[in-house]
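> Structure in structure tokens, see below.
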Amino acid sequence: MTSFQLLKKRVSDDRRYKLRDLRTALDWTVWFYILIPALIVSVVYYQSWWIMAPEWLNFVPEQAMMVPLFLGATWWSLRVYLEEADQVYILQNQNLVDGLKKWGMVHSLLKGSVLTLFSIAVVLPFLITGWNWGMEQVVITGIFVLLASWNVNVCRYFIDLTIQSIWIKWIPLMMVNVVSIGILVFVSQVGWKSREFVFVGVALLLVLLIAQLYYRIKVKGTFFHDVMMERGYKQSVTNLLMKQVGVSSGRTVLVRKKPFLFKGSKRLRKQGSPETRIVDLYVKWLLRSPGKVQYYLQVTGWGIAAIFLLPLVVKVIVLLFALYAFIGLSKADWHEFSERSYAQLFQWDQQLRELSAKKASKVFTMPCFILVCVMTGVAFPGWIGMLLFPLGGWVMMMGSIRMVHQDVRSSSPQ
Amino acid sequence: MLNVAIEEAGYEKNSQTITDLSFSVKSGELLGLLGSNGAGKSTTIKTILGLMKEWKGSVTFEGDARYAYIPEQPVFYDSLTLWEHLELAATAVSLQDGDWEERAQELIRYFKLGHVVHDLPSSFSKGMKQKVMLITAFMLKPDLYIIDEPFLGLDPRATKDFLKLIEKERARGAGVLMSTHVLDTAERICDRFVLISSGIMAAEGTLDEWRERTGMETGTLLDCVDRLLEQTI
């Protein structure tokens, strides 16, 4: 089997795996009630933007469009399609491995090109109709977006490879993104007018890309890191749909030895009942899992943004949805914590388990939901909202938690 | 202490992995659960622990007997430290603070894990992980230990330490149900054995009883198991 054939097989396996996951989540009801209507509305809106730019575009600075354009164009990863079993079966064949890496990268770059084109197509009516960009300005900016997208994603790989801490990793990642967006803003506003700048800029970015790709092929000792990342990419849809359930937590190359929060196993509260201690351990477990905290932050952030942007009646619907989402997240997280394999090694005190479940469901739901309620109050016309929403939200939340607790009690193992 | 009478159990409906298994574990007794790969030992243990959905029969713990389970593959929370795992286990079964902390410290010293007590077990070696499983179980001082292949990943010294602790616990009155492939060790430490073959109970008894049954007066446990399995086929 040649490396190209191997890549074709792996890409198609990968696609099948993701499609299977998507099919599990997106049944006909989701298509019928959400996706198809959303698609039709989007197409109608898109067509109308070609005729007349939306009014809100007057409040958006032209330069700001580079941010969504950049984010859309870089929404892919540099993949090499290696698998764990390759250490036994193909790692001895250096040519095959190098070939697989090369084709994998070519495939990734092509995917990056398609995404860049798609992103440009999405913002094109704003650029042409809204800000009167000419074809030359669009094409030159597009070329730079494509080169930035390629370079940034190869660079992201090296950052991920060299920096273990997920918190420290954000610093160079942010820097790369900010610098790239800065370059794109400059190109789209001023740079595109100078032919010399365009040629030199494109040449430099191409040289940088070739140098990075060359180093990517030559760098040794990345096999286990690549395998770990590939596993993440392959299960990205599962992860998105089912939180971290689908991601194997097997041993990886870079394993954190000490927790990054609450080191030394210190208790959060020195005194407290047994259920308080269980809940404290649950809080530690959750706060040390950034992926889980991220969901609470996302619901809070998007909820607040939607409440400020949407009409009055929809604000209340968003509020109800936020409560539903927070309680659902809390319930799922507690279930994952209390039903984990380690928790099956001994017999829980059932009363303690129920009390802990009740407390745990409030820990994250309460601050997040009350914050969303307060923000709804602020967005509501008049002072009454400041009183009505936090108070009403509190009562509704306590009622919902009581209902969920009844459910947890009836479904918990005896 | 433990009475098991499983009519059938399996991972899917209408697909039984084990059928008609019955045995008991008495206080202070060590019962060895033997059988080849895929015979149904782990399924039996999972059924006893209540982890199987599809099963018929009865599993009863006498009185308020509490168990602790030591799995074949160590299991952990990715983001809790060794000490926090022990704290969770002790709190979940309502142990008093002073008692479990003292016992935990003692066991951590015994298994020489003092230097990693505030580390995440997911970073440990296989043997260290297995030791954490042992510490969790021994710290809880249960009435019954359910142990699945305890010797995998343990070095000879740790194996010896583990066996010493098991003897101590048996002297306290704890019962032990242990599934293992290591027959020479099982021969030395187990009081009785249950042999499972293709999901059914091929034999049950002491080594002397099995020697008599197989006609191998001086045979080892391995010899007897071999002969009994041949007879089953």
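> B:Phe162 fails exactly one of the following numbered conditions: (1) open to solvent by less than 20 Å² (accessible area, probe 1.4 Å); (2) in contact with a Lys or Arg (Cβ under 7 Å, 6 or more places away or on another chain). What is the number of that condition?
That leaves (2) as the condition not met.
> Then there is this: When you scan region A:330-361, how many residues do you find that are open to solvent by less than 40 Å² (accessible area, probe 1.4 Å), modelled with pLDDT of 90 or more and not acidic (Asp, Glu)?
Going through region A:330-361 one residue at a time, the tally reaches 14.
> Do we find that A:Lys111 is under 28 Å from A:Lys9 (Cα atoms), basic (Lys, Arg) and open to solvent by 10 Å² or more (accessible area, probe 1.4 Å) in this structure?
Values: under 28 Å from A:Lys9 (Cα atoms): yes; basic (Lys, Arg): yes; open to solvent by 10 Å² or more (accessible area, probe 1.4 Å): yes.
The answer is yes for A:Lys111.
> Right, another one. For region B:106-203, give me every one of the strands (runs of 3 or more DSSP E) that falls completely inside it and has 1 or more residues that are within 13 Å of chain A (Cβ to nearest Cβ).
Working: elements: B:144-148, B:175-179, B:192-197.
In region B:106-203, the matching strands (runs of 3 or more DSSP E) lie at B:144-148.
> Return only the number of the condition from (1) away from chain A (no Cβ under 12 Å); (2) open to solvent by less than 30 Å² (accessible area, probe 1.4 Å) that B:His85 does not satisfy.
With (1) away from chain A (no Cβ under 12 Å); (2) open to solvent by less than 30 Å² (accessible area, probe 1.4 Å) applied to B:His85, the lone miss is (1).
> Being more than 30 Å from A:Ile183 (Cα to Cα), assigned by TED's automatic domain parsing to the domain that holds A:Val152, open to solvent by less than 100 Å² (accessible area, probe 1.4 Å) and not hydroxyl-bearing (Ser, Thr, Tyr): is that true of A:Ile90 here?
Values: more than 30 Å from A:Ile183 (Cα to Cα): yes; assigned by TED's automatic domain parsing to the domain that holds A:Val152: yes; open to solvent by less than 100 Å² (accessible area, probe 1.4 Å): yes; not hydroxyl-bearing (Ser, Thr, Tyr): yes.
Against the criterion (more than 30 Å from A:Ile183 (Cα to Cα), assigned by TED's automatic domain parsing to the domain that holds A:Val152, open to solvent by less than 100 Å² (accessible area, probe 1.4 Å) and not hydroxyl-bearing (Ser, Thr, Tyr)), A:Ile90 qualifies.
> I would also like to ask the following. With the checklist (1) more than 7 Å from every other protein chain (Cβ to nearest Cβ); (2) in a strand (DSSP E or B); (3) buried (at least 16 other Cβ atoms within 10 Å of the Cβ) in hand, flag the one item B:Ser58 doesn't pass.
It is condition (3) that B:Ser58 fails.
> Within the set of pairs 6+ apart or on separate chains, which have a first residue in region A:372-393 that is under 14 Å from A:Leu310 (Cβ atoms) and open to solvent by less than 30 Å² (accessible area, probe 1.4 Å), a second that is assigned to a helix (DSSP H, G or I) and of a type in the set (Ser, Thr, Tyr), and C-beta atoms under 9 Å apart?
From region A:372-393, the pairs are A:Val372/A:Thr300.
> Now, a different point. Test B:Arg109 against the criterion of being within 21 Å of B:Met1 (Cα to Cα) and of a type in the set (Lys, Arg), and give yes or no. Quick ask: steps written out before the conclusion?
Working: within 21 Å of B:Met1 (Cα to Cα): no; of a type in the set (Lys, Arg): yes.
It is false that B:Arg109 is within 21 Å of B:Met1 (Cα to Cα) and of a type in the set (Lys, Arg).
> I would also like to ask the following. Would you please list the contacts, defined by Cβ atoms under 8 Å and residues six or more apart or on different chains, that run from a residue in region B:192-215 that is of a type in the set (Ser, Thr, Tyr) to a residue that is in a strand (DSSP E or B) and buried (at least 18 other Cβ atoms within 10 Å of the Cβ)?
B:Ser197/B:Gly35; B:Thr206/B:Arg192; B:Thr206/B:Phe193
> Considering each of B:Ala89, B:Ala137, B:Ala65 in turn, give the residue that is under 19 Å from A:Gly264 (Cα atoms) and touching a strand residue (DSSP E or B) at 6+ places or on another chain (Cβ under 8 Å). Steps first, please.
Values: B:Ala137 fails: under 19 Å from A:Gly264 (Cα atoms); B:Ala65 fails: under 19 Å from A:Gly264 (Cα atoms).
Result: B:Ala89 is the single residue among B:Ala89, B:Ala137, B:Ala65 that is under 19 Å from A:Gly264 (Cα atoms) and touching a strand residue (DSSP E or B) at 6+ places or on another chain (Cβ under 8 Å).
The values are calculated or read from the model by the stated rules, or taken from the named source; none is laboratory data. Quantities reported herein were computed from a predicted structural model and do not represent experimental measurements. Reconstructed Cβ throughout: ideal geometry from the backbone, glycine too, with neighbour counts over all protein chains shown. For the accessible areas, the whole protein counts, side chains as well, though only heavy atoms, and no ligand, DNA or RNA atoms are used. Shrake-Rupley method; radii C 1.70, N 1.55, O 1.52, S 1.80 Å.
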